[in-house]
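A short worksheet on the structure shown next.
The values are calculated or read from the model by the stated rules, or taken from the named source; none is laboratory data. Fair warning: this is a prediction, and the values are worked out from it, not measured in the lab. Here the Cβ positions follow ideal geometry from the backbone for every residue, glycine too, while neighbour counts run over all protein chains shown. Note: accessible area is taken over every heavy atom of the protein model, side chains too, but ligands, DNA and RNA are not part of it. Shrake-Rupley method; radii C 1.70, N 1.55, O 1.52, S 1.80 Å.
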There are 2 protein chains.
Amino acid sequence: MVKRNEQLDRVFGALADPTRRGILEQLSHGESTVGTLAAPHNVSQPAISRHLRVLERAGLIRRERKGREHHIRVDPSSVEEAQDWIAHYARFWKRQFDAVDDYLTKHGKKRKK
Amino acid sequence: MVKRNEQLDRVFGALADPTRRGILEQLSHGESTVGTLAAPHNVSQPAISRHLRVLERAGLIRRERKGREHHIRVDPSSVEEAQDWIAHYARFWKRQFDAVDDYLTKHGKKRKK
DNA sequence: ATTACGCTTAACCATTGGGTTATATATTAG
DNA sequence: CTAATATATAACCCAATGGTTAAGCGTAAT
């Protein structure tokens, strides 16, 4: 009954870090290289290199070697699964939530805004 | 330029763990108590207790003490921010991705799928 | 009053994660 | 050929994470 889904682990795990989210934001403007991606973050280049590896393992980015530079682009397919997971449950969560909210309203208890 | 958003860190971080996602799935069927939530997972009850604390800090659940039991329900508001973050960038990522895909198609290179 | 129950907290351990600097590898430039 | 550039890997450090067992605390049952 314990549903394992390592892909979700990796995608959500990747998104949990601000530097990595920053990189994904940069990539929304288009393909880029490691050095360019690294510039605005004030961590060392090796650190960025490892963030990229995490993103790559999560399937969030693709890398194409062109000479000595690596051209990085985003791959949105793997994020879809995460998006779907949230969307699926959000439906039930919201229903749940609204029901409680209604109950509190009717019974005049501390209605939350 | 490095955009900090600790709330997103916490929400995505919380979702990155299978046990915690499991708990959220259970809660989609309705409010529950700590013991009931713990049952299907084969980790100790204190472990669940800490997972709940993580979820609570991320704003994903609410807790109401009723005598000696804690009644837990999901709070979907904080997940919305995460959902919005993904949705916002997914728009650009997808455009990005489709452009590359088109390019590859036109130039007859290894078209993916 | 005593015991049982539901849950949290504390103390501990092993693993992972994110950072660093130093070194390695491959490619381009001179 | 040599030097510079782009990036990755190695070795290390420290803090955070996820698990455990043992103890604590408030509430309910007897």
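Computed quantities for the displayed model
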item: Centre separation in Å (Cα based) which lies between region B:45-90 and region B:4-35; result: 5
item: MRE, 222 nm, helices only [DSSP H, n ≥ 4, -39500 (n - 2.57), over chain B, to nearest 500]; result: -19500 deg cm²/dmol
item: Segment B:Glu80-B:Asp98, extension gain: residue separation times 0.36 nm, minus the distance between their alpha carbons; result: 3.9 nm
item: Other copies of B:Val43: label-to-label distances in nm, shortest first, labels 7 Å along the beta-carbon direction; result: 2.3
item: Residue of B:Asp75, B:Asp84, B:Asp102 that the Gaussian network model of chain B assigns the largest fluctuation, springs spanning Cα pairs under 10 Å; result: B:Asp102
item: GNM top mover of B:Arg57, B:Arg21, B:Arg68 - chain B, alpha-carbon springs below 10 Å; result: B:Arg68
item: Enclosed volume per residue, in Å³, of the convex hull spanned by Cα atoms of region B:1-108; result: 150
item: For A:Glu31, label point 7 Å along C-beta direction: distances to other copies, nm; result: 5.5
item: R0 of 45 Å, Cβ-Cβ distance B:Arg63-A:Lys66: FRET efficiency to nearest 0.05; result: 0.30
item: A:Val100 accessible area, assembled protein chains, probe 1.4 Å, Å²; result: 30
item: Qualifying aspartates and glutamates (Cα of each under 13 Å from Cα of B:Lys66; at least 8 residues distant if same chain); result: B:Glu31
item: Most to least accessible of A:Arg65, B:Arg62, A:Arg95 (protein chains only, probe 1.4 Å); result: A:Arg65, A:Arg95, B:Arg62
item: Label-to-label distance, nm, for residues given as A:Asp9 and A:Ala87 (7 Å Cα→Cβ offset); result: 2.6
item: Phi-based couplings in Hz for region B:29-34 (Karplus 6.51, -1.76, 1.60; Gly and Pro marked x); result: 8, x, 3, 8, 10, 4
item: Relative contact order, percent, chain A [alpha-carbon distance under 8 Å, six or more residues apart]; result: 24
item: Helix B:6-15 axis, angle to chain B major axis (alpha carbon atoms, nearest 10°); result: 80
